[in-house]
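Participant: Got a structure for you, questions after.
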Amino acid sequence: MISLFKSKTGYTRVDGGDQEGQIKVEHDYPLDQTPQSSEPASSHCCSFTTGPAWVCQRPSTRREWRTLQEAEKTDYLTAVKCLASKPSKLRNTGTLYDDFAWVHKYLTTSTASAHNAASFLPWHRYFIQIYEKALTEDCGFSEVLPYWDWSQDSSSFRNAPVWDTVSGLGGDGSGVQSIGDGKCLTSGPFSEIEVMFYDNEIQPHCISRGFPKDEELSEIGQLISPEIIDKLSAEDHYEDFALDLEKRAHRFLTRSVRGDLSRFTGPNDPIFFLHHVNLDRLWWQWQQRAPDGMTAYNGNAFNNTQEPAALTDTLDMGGLAKNLQVIDVMDTTSGHFCYKY
Ligand SMILES: [Cu+2]
């Protein structure tokens, strides 16, 4: 059985395979030819003894936005914009860009609703991976997802480099009044994009942001100060760590950007993804540190159930990609994943 691999971001095909995992063949393996398997990805990654297998040989490294070269930032922004020129894979109308907002909103009605629950981190880990795959396969992106370490900007939110109108994602809305207490972006790479969904409605609109006043921003910034993040990362139990991360650091962005981010169609604003890659990074770091980090998973399974969380819980992607189990996404260097931070 073969899983999802691409050698450009570190995947390597291994034919045969002995204890050292000797490499005999090495070339790209197109993602769209990925054999579908109902087995957990991890079960056919690393315990292979005969026939070809693909292993994550050289994980790619996701980097912080401000460490990217200008050309790398441009490549990323260009690929993100490109999603809005590709047709939806889920509906007859709208674009591939809209699909992400649609699925994230759909999730709230799914029986496997992954917010306010243990599944928050694994579901979003898989979701941003699917986003990277769309950027790569549909829009020619050849790098890996960047993240925004907002703790570095906790006391100067407005001046964060991610908001640059040339080499960033554009700043505060400044055009006509739009959805979610925000205004339309009028500058930056995304000022021309029209998105389709707003919460439950089909309501084509500009990307909308509405930063609050500086006083409020500095108050919100305290949720993501380096000291707070360090403290949160020192939690020993998964449930404590995950819920704290979701309810504090995660929500800081909703409150400080507003506009599209104020509803479950938040992926309309591309900052959503840099934000979630950072949350994933904090989880990844926690997994490296905690003694049982690669298997630690507990709490409430989903938002709409009292069931205790289990590694066999399903991550429902609403048709955007095949559903996986939580266990499939625990390790970022095996199975469907091949990255680190
Ligand atoms: Cu979410």
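Where a number appears in this text, it was derived from the coordinates with a stated rule and is not lab data. Note that the coordinates shown come from a computational prediction; the quantities given were computed from them, not determined experimentally. Counting neighbours? That spans all protein chains shown, and the Cβs are built from the backbone with ideal geometry, glycine included.
Participant: Taking K and R as +1 and D and E as -1, what net charge do the other residues with C-beta under 13 Å from the C-beta of Arg158 add up to?
Facilitator: Working: positive: Arg209, Lys213; negative: Asp153, Asp164, Asp172, Asp214, Glu215, Glu216.
After counting each charged neighbour, the total is -4.
Participant: Have a look at Ala321, Pro270, Asn298 and report the one farthest towards the positive end of the charge dipole of region 239-341, computed about the Cα centre with Cβ charges (Lys/Arg +1, Asp/Glu -1).
Facilitator: Highest projection toward the positive end goes to Pro270.
Participant: Taking amide H atoms as placed 1.01 Å from N in the peptide plane, list the residues 5 or more away in sequence, or in a different chain, whose amide H sits under 5 Å from that of Phe211.
Facilitator: When sequence neighbours closer than 5 places are left aside, the close amide H contacts are Gly173.
Participant: Along the positive direction of the dipole of region 151-306 (beta-carbon charges: Lys, Arg +1; Asp, Glu -1; about the Cα centre), which of Ile228, Pro212, Thr254 reaches farthest?
Facilitator: Comparing the listed Cα positions along the dipole, Pro212 ranks first.
Participant: Take the cross-link list Lys81/Lys105; Lys73/Lys133; Lys73/Lys183; Lys89/Lys322; Lys247/Lys340 and give me the ones stretching past 19 Å between alpha-carbons. Don't skip to the answer; put the middle values down first.
Facilitator: Numbers: Lys81/Lys105 21 Å; Lys73/Lys133 17 Å; Lys73/Lys183 25 Å; Lys89/Lys322 13 Å; Lys247/Lys340 24 Å.
Over 19 Å apart, Cα to Cα: Lys81/Lys105; Lys73/Lys183; Lys247/Lys340.
Participant: Please compute the length gained on full extension between Val166 and Lys89, using 0.36 nm multiplied by the number of residues separating them and subtracting their Cα-Cα distance. Provide the component values of the computation, followed by the final result.
Facilitator: Numbers: separation 77, 0.36 × 77 = 27.72 nm, distance 3.01 nm.
Full extension of this stretch gives 24.7 nm more.
Participant: Another question, if that's okay. Quick query: amide H of Thr95 versus all other amide H atoms, modeled in the peptide plane; which residues come in under 5 Å with a sequence gap of 5 or more or a different chain?
Facilitator: Here the answer is Ser88, since their amide H atoms fall under 5 Å of that of Thr95.
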